[in-house]
Amino acid sequence: MIAVTCRNGEHFTIDPAEIERAQSVPDTVLHMVGGRTYVLAMSLDELLRAIRDSHAERLVVQKRLAGGTAELADSASTVRAAATLRVERRARSRDGDAPGSPADRRTDDGPTPDA
């Protein structure tokens, strides 16, 4: 779980596995799997770091439960020092005017434009 704060000041936690996508135009907007949308007071980079740290904490707990703490402790300092944040952007948009697969161009109104 990660702690977030909405623009309206509301504090709560989110399961990173439930995040469908995140946008930063210009505010950071989270779109959840269930359809809810949140406008956050944190930047996209801060959100990505929080998600990364959440996954790292979960990995540490799993390693400790499996009895592999010595191996994790030896490599933890090198992993943290070498960790970088990598953000990739799509080469094409999904707003209908960019080429892509027919599945990307599908609308709820009917069949794909190529059909």
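Worth pointing out:
- Here the simple spin-label model places points 7 Å from the Cα toward Cβ, and for HIS55 and MET1 these points are separated by 2.1 nm.
- Cβ crowding within 10 Å, taken as a proxy for footprinting-reagent exposure, orders ILE14, ILE51 from fewest neighbours to most as ILE51, ILE14.
- Spacing of the two label points (7 Å from each Cα toward its C-beta) at ASP15 and MET32, in nm: 1.1
Bear in mind that the values in this text are calculations on the coordinates, not laboratory data. All figures in this text were calculated on a predicted structure; none of them were measured in a lab. Quick reminder, even Gly has a Cβ in these numbers, built from the backbone with ideal geometry, and neighbours come from all protein chains shown.
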